[in-house]
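Just so you know, all these numbers are worked out from the coordinates, no wet-lab data involved. In this text, all values refer to a predicted model and were calculated from it rather than measured experimentally. All Cβ positions, even for glycine, are placed from backbone atoms using ideal geometry, and neighbour counts span all protein chains on display.
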Amino acid sequence: MSDGAERIEIGTDQDVVRVRQLVRTVAVAVKLSLVDQTKLVTAASELARNTLVYGGGGSVEVDRVDNGRRQGIRIVFADRGPGIADLDLALTDGYTTGNGLGLGLSGARRLVDEFAIDTAVGRGTTVTVTKWCR
Amino acid sequence: MERVPILKIGEILLVSIQIDMEDQVALQLQEDLAERVVATGCHGVVIDISALDIVDSFVGRTLATIASISRVLDAETVVVGMRPAVAITLVELGLSLPGIRTALNVELGMALLARDREAAGALDFAALDEEATSAAVDEP
């Protein structure tokens, strides 16, 4: 169930800022608690930056969801970049192929309720996260 | 591109981040601060993040780098005003900002730096006194 997803194309640093602002707006609208808003916006910032830096750009879709009991937000980050060869390694704290801290993917996973990643070398990466209202 | 202003208040540089920074703005702040520390000879930097509703790993790393650079340039950095939700999120993200000193607000941050400076000054004087005393003893 959804009332219309909003989509942002990711091509520059500024688009990452726009993703944070959109996620914040939707998080407030579904009445996530302040701590959960902060966690979700932070996770979205990490994942949108990954889409830009490692995926070479892509898109982010933010959608309100409802499982019949609770409201939540689902965010899909998609790129057509090189993909992730070793997913377990990529999800390890402190591992990075760039020059970051290696906390983006693993940290973002801890900040959301549901985390799914679909990746194939040469085809790109799609990360889907969901946060539910308590 | 927007730029974060750096104010000089007495012996301290004060930075209050009021915007949602894109990554380039954070990197620019890092460079600007290093230059201002050297140009002013200030021994303390206070970075106020009370207006930030998130600190992600990039901004967290930038703050840590600023603190390291400042230390090499003989200035101490204190990050002040972190919101509770931001602190909770940072720790869960896996970033506990080791090596960064914090205070609850600008006033406490400035007091912390002033105390440090006084303590350092007292040590210097003690060393000088000792030198003077030993010099006096050496004299015939």
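Once you wrap a convex hull around the alpha carbon atoms of segment B:6-138, what is its projected area averaged over all directions, in nm²?
Its Cα hull, projected and averaged over all orientations, spans 9.2 nm².
For A:K39, go through the lysines and keep the ones whose alpha-carbon is under 26 Å away, minus same-chain ones fewer than eight residues off.
Within the straight-line limit of under 26 Å, A:K39 reaches these lysines: A:K31, A:K131.
Taking the convex hull of the Cα atoms, report for the protein assembly as shown its projected area averaged over all directions, in nm².
18.0 nm²
Whole angstrom only: what separates the Cα centroid of segment A:115-134 from the Cα centroid of segment A:1-46?
15 Å
Which value in nm describes the separation of the simple spin-label points at A:A85 and B:A114, placed 7 Å from the Cα toward the beta carbon?
Here the modelled spin labels are 5.7 nm apart.
Which residue, B:E31, B:E92, B:E11, has the most motion in a Gaussian network model of chain B that connects Cα atoms within less than 10 Å?
Per the Cα network of chain B with a 10 Å cutoff, B:E92 tops the list.
P(r) tail for chain A, what percent of Cα pairs lie past 20 Å?
Beyond 20 Å sits 40 percent of the P(r) for chain A.
Most exposed first by the Cβ proxy, i.e. fewest other Cβ within 10 Å, how do B:M21, B:M1, B:M82 rank?
Fewest-to-most ranking of B:M21, B:M1, B:M82: B:M1, B:M82, B:M21.
What 222 nm value per residue comes from the helices of chain A, counting each DSSP H run with n ≥ 4 as -39,500 (n - 2.57) and dividing by all residues, nearest 500 deg cm²/dmol?
Helix-only estimate at 222 nm: -11500 deg cm²/dmol.
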